[in-house]
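Notes to accompany the following structure.
Please treat every number below as a calculation from the coordinates, not as lab data. Every value quoted in this text rests on a predicted model; they were computed, and no experiment measured them. Here Cβ is always computed from backbone atoms with ideal geometry, including for glycine, and neighbour counts include all displayed protein chains.
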Amino acid sequence: MATQYFKNIPKIQYEGPDSKNPFAFKYYNPDEIVEGKSMRDHLRFSIVYWHTFINPLADPFGMGTAVRPWDDGSNTVKNAQKRVRVAFELFEKLGADFYAFHDRDVAPEASTLAQTNKNLDSVVKVMKEEQERTGIKPLWGTACLFAHPRYVHGAATSCNADVFAYAAAQVKKAIEVTHELGGAGYTFWGGREGYTSLLNTDMKREQEHMARFMHMAAEHKKKIGFKGQFYIEPKPKEPTKHQYDFDAATCINFLREFDLLKHFKLNIEANHATLAGHTVEHDLEVSANAGALGSIDANTGDTLLGWDTDQFPTDIYLTAKIMLILLKTGGFKTGGLNFDAKVRRESYEPTDLVHAHVGGMDAFARGLKIAAAIRADGRLDKFVKDRYSSWDSGIGEKIESGKASFADLEKYMIKKGKPSPNKSGRQEYLENIFNELII
Ligand code: XLS
Ligand code: CA
Ligand code: CA
């Protein structure tokens, strides 16, 4: 039976851009067709368990402010089971089809691994009931390998082999649980997989261990018949100074070096890309070019704060740029837009969770429509195509098809004397077109 903690909030429905109702979508119209597919299937919204139901909204200077009337504050299975019912009440009201969770978000850790696994099973039972009641499923599951003090030196990259073994046992169970719940994927975010000082670190050995860990995970996945997609999520820093999964390019290089690319795709988080000194579009494009774009953690940072603020995305330029890349690459297969985002410490009431998600969903729905309009307009595409037209015939075509050597090119240029003139990149003109189509 559904709980009633959000009883003053109606099921969020589409009312269109003229609506002034804060509890209605202005742009997200799940069944509306865009480029031949429903908005729901394009966007595949997912809500995270950790920020939405566990995060107390503390910061380094002050305690948590979150008011969560359903939570009795105890670290018990009973409290965790109740929290599941409330979570699904909110997922349903928002009309999200997916959610994401860490093992330790959903069930309390006990003093032994065996008891911890039992706790998890007891809560998973309730998750299954709620999934069956609502049809909502995990976009992905994951294991928390960074919060407990045992992971102080890392998990798969720990200097302590026993800690590696513990982490492996934890991931084994987390994959099994995700499989049991019909999850579409499983994510590896190596929170402590990095280092702070080379004076005490054997980097080569640590990275080899991480690769071994992932191979074992892939073997176990096969063994239990889990068909969900594995993802690696890049992040450059925080908590460690040097994270091994720095950005998309670093992750892809690691996967390729250790023959793991066939088992993994990337889960790109917007705020992590910006911490790495990139735009999220850059990391999405890098992943897509390697055939490894899997899923997106949809959030944003704050330009004035230099850390992982995990805010809800509200900027329609950002969402339009993300959706443009996604449409170009054919959209999500197993992934989705996962709001790995939290409300601000000052927004501590349950209602704020609703406003935050409604805003994020609408921002992406609008981004999708803008991206589709840009593609239908065609001017940006045509500009890029024309810009590279020297490669479509003549010497360009010869180079691309591998039919020209350095000596051929020398001969060609000596005969020609100088290259044909360059043309303007017209960036401002293109930005104007983008603005014209932001509707
Ligand atoms: C932390 C990460 C984390 C992963 C899942 O910065 O974003 O939440 O998405 O472990
Ligand atoms: Ca994330
Ligand atoms: Ca983050």
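Observations on the structure shown:
- Rounded D (µm²/s) - the chain, Kirkwood Rh over Cα pairs, Stokes-Einstein at 37 °C, 0.692 mPa s: 139 µm²/s
- Taking the inverse of the mean reciprocal distance over all distinct Cα pairs, the Kirkwood hydrodynamic radius of segment 241-312 comes to 12.5 Å.
- Scanning residues 5 or more positions from A100 or on other chains, those with amide H under 5 Å from its amide H are I47, V48, Y49, L139, with H placed 1.01 Å from N in the peptide plane.
- Segment 30-113 - Rg over Rh from alpha carbon coordinates, Kirkwood radius: 1.09
- A convex hull fitted around the alpha carbon atoms of segment 1-145 yields 155 Å³ per residue.
- Cα-based Rg / Dmax (Å) for segment 313-439: 22.3, 74
- Taking each of K82/K173; K7/K369; K235/K423; K37/K262 in turn, the alpha-carbon distance tops 26 angstrom for K7/K369; K235/K423; K37/K262.
- Within the chain, longest stretch free of exposed chymotrypsin sites (Phe, Trp or Tyr not before Pro) [DSSP loop, at most 11 other beta carbons within 10 Å]: 62-306
- Just checking the listed ones, S424, S19, S287: in the Gaussian network model of the chain with Cα springs under 10 Å, the one fluctuating most is S424.
- Couplings for segment 369-381, taken from phi via the Karplus curve 6.51 cos²θ - 1.76 cosθ + 1.60 with θ = phi - 60°, read 5, 5, 4, 5, 5, 5, 5, 5, 4, x, 5, 5, 4 Hz in order; Gly and Pro are left as x.
- Here r is the Cβ-Cβ distance between S424 and H220 and R0 is 60 Å; the resulting FRET efficiency, rounded to 0.05, is 0.65.
- Values of log10 I(q)/I(0) for segment 237-277 across q = 0.13, 0.28 Å⁻¹ run -0.28, -1.01, by the Debye formula with one identical scatterer at each alpha carbon and no solvent.
- Cα shape, segment 187-318, gyration tensor, a/c 1.5 rule: oblate
- Potential lengthening between N160 and N75 on full extension [0.36 nm per residue; Cα-Cα distance subtracted]: 27.8 nm
- Summary of the geometry: segment 101-159 and segment 384-429, compared by the centres of their Cα atoms, lie 55 Å apart.
- Over segment 107-167, the hull volume per residue, using the convex hull of the C-alpha atoms, is 91 Å³.
- Scattering from segment 185-263 was approximated by placing one identical point on each alpha carbon and applying the Debye formula without solvent; log10 I(q)/I(0) at 0.16 1/Å stands at -0.60.
- Note on segment 86-234: semi-axes of the ellipsoid equivalent to its C-alpha gyration tensor, largest first and rounded to whole Å, are 29, 16, 14.
- Taking only the Cα atoms of segment 142-189, the ratio Rg/Rh comes out at 1.02, with Rh defined as the Kirkwood radius.
- For C159, C144, order by how many other beta-carbon atoms lie within 10 Å, fewest first: C159, C144
- Solvent-free Debye scattering, log10 I(q)/I(0), computed from the Cα coordinates of segment 330-405 at q = 0.12, 0.26 Å⁻¹: -0.64, -1.13
- Label reach from T65 (point 7 Å along Cα→C-beta): in segment 320-359, amide nitrogens under 12 Å belong to 343-349.
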